[in-house]
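The values are calculated or read from the model by the stated rules, or taken from the named source; none is laboratory data. Owing to the predicted nature of the structure, the values given are computational and were not obtained by experimental measurement. Cβ placement follows ideal geometry from the backbone for every residue including glycine, while neighbour counts extend to all protein chains displayed. Keep in mind that these areas ignore ligands, DNA and RNA; they rest on the heavy atoms of the full protein, side chains included. Shrake-Rupley method; radii C 1.70, N 1.55, O 1.52, S 1.80 Å.
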Amino acid sequence: MEIFVIIIGAIFVNNIVFSQFLGICPFLGVSNKISTAIGMSGAVVFVITLATLVTFLIQEYILTPMGLDYLQTICFILVIASLVQMVEIVLKKITPSLYQALGVFLPLITTNCAVLGVAIMVIQQSFNLGGALIFAFATALGYGIALILFAGLREQMELSDIPKSMKGIPIALITAGILALAFMGFSGLV
């Protein structure tokens, strides 16, 4: 039951974008097309899960035993940057079209505060390794769901008659706010 609570809480109730406001830059930047949003979601799920695994192990077996907890943020940033570089190299070789579509937003995963935020939240909430990985995967999945839903709404808005002054970012921010309110409806689940 605890695993179910972690998953539902991370995906819907405490969605990293809508309730904690982390990862907003790629959320707004990559959400113009569903195909790009799906690719970015996959990359974020992979990076958040892998970064959480590596940072958890570094924290548990190196930083805490040696009394170097104050190096946590710097260490985590270096690990995340390295992992994103690996993902970028793999995507460039395996799916060049997705690599091209993501463009500048793939390196933005390095500075995506959602990745660092999840790695730090796992340590703060004192998860064990299994709980940390489940939380990280569910949080990343929640990010992906939010991104894909928002991309679908933005694609639909391109076909709608929107006043000129509201086109682009203004209507996107209003839509993101309404989507955040919709996610607040899940707050009583867990």
Single residue of the range 60-77 satisfying the filter (open to solvent by 70 Å² or more (accessible area, probe 1.4 Å) and within 26 Å of Ile11 (Cα to Cα)) that is modelled with the lowest pLDDT: Ile77
Scan the range 78-100 and tell me whether some residue there is in a helix (DSSP H, G or I), crowded, with 17+ Cβ neighbours inside 10 Å and more than 20 Å from the chain's Cα centre (by Cα). no
How many residues are closer than 22 Å to Asn112 by Cβ and of a type outside the set (Gly, Ala, Ser) when one looks only at the range 64-83? 11
Ile109 is checked against (1) β-branched (Val, Ile, Thr); (2) surrounded by fewer than 18 Cβ atoms within 10 Å (Cβ to Cβ); (3) at pLDDT below 90 and fails just one. What number does that condition carry? (2)
Residue hits (the range 131-161; open to solvent by 40 Å² or more (accessible area, probe 1.4 Å), part of a helix (DSSP H, G or I) and among the hydrophobic types (A, V, I, L, M, F, W, C)) are Leu133, Ile134, Phe137, Leu141, Ile145, Ile148, Leu149, Leu153
Which pairs do you get when a residue that is in a helix (DSSP H, G or I), found in the range 162-180, comes within reach of a residue that is of a type in the set (Gly, Ala, Ser) and surrounded by 11 or more Cβ atoms within 10 Å (Cβ to Cβ), reach meaning Cβ atoms under 8 angstrom, with the pair 6+ apart or on two chains? Ala172/Ser31; Leu179/Ala146; Ala180/Ser19
Among the residues that make up the range 46-59, is at least one of them touching a Gly at 6+ places or on another chain (Cβ under 8 Å), modelled with pLDDT under 90, surrounded by 16 or more Cβ atoms within 10 Å (Cβ to Cβ) and closer than 17 Å to Gly144 by Cα? no
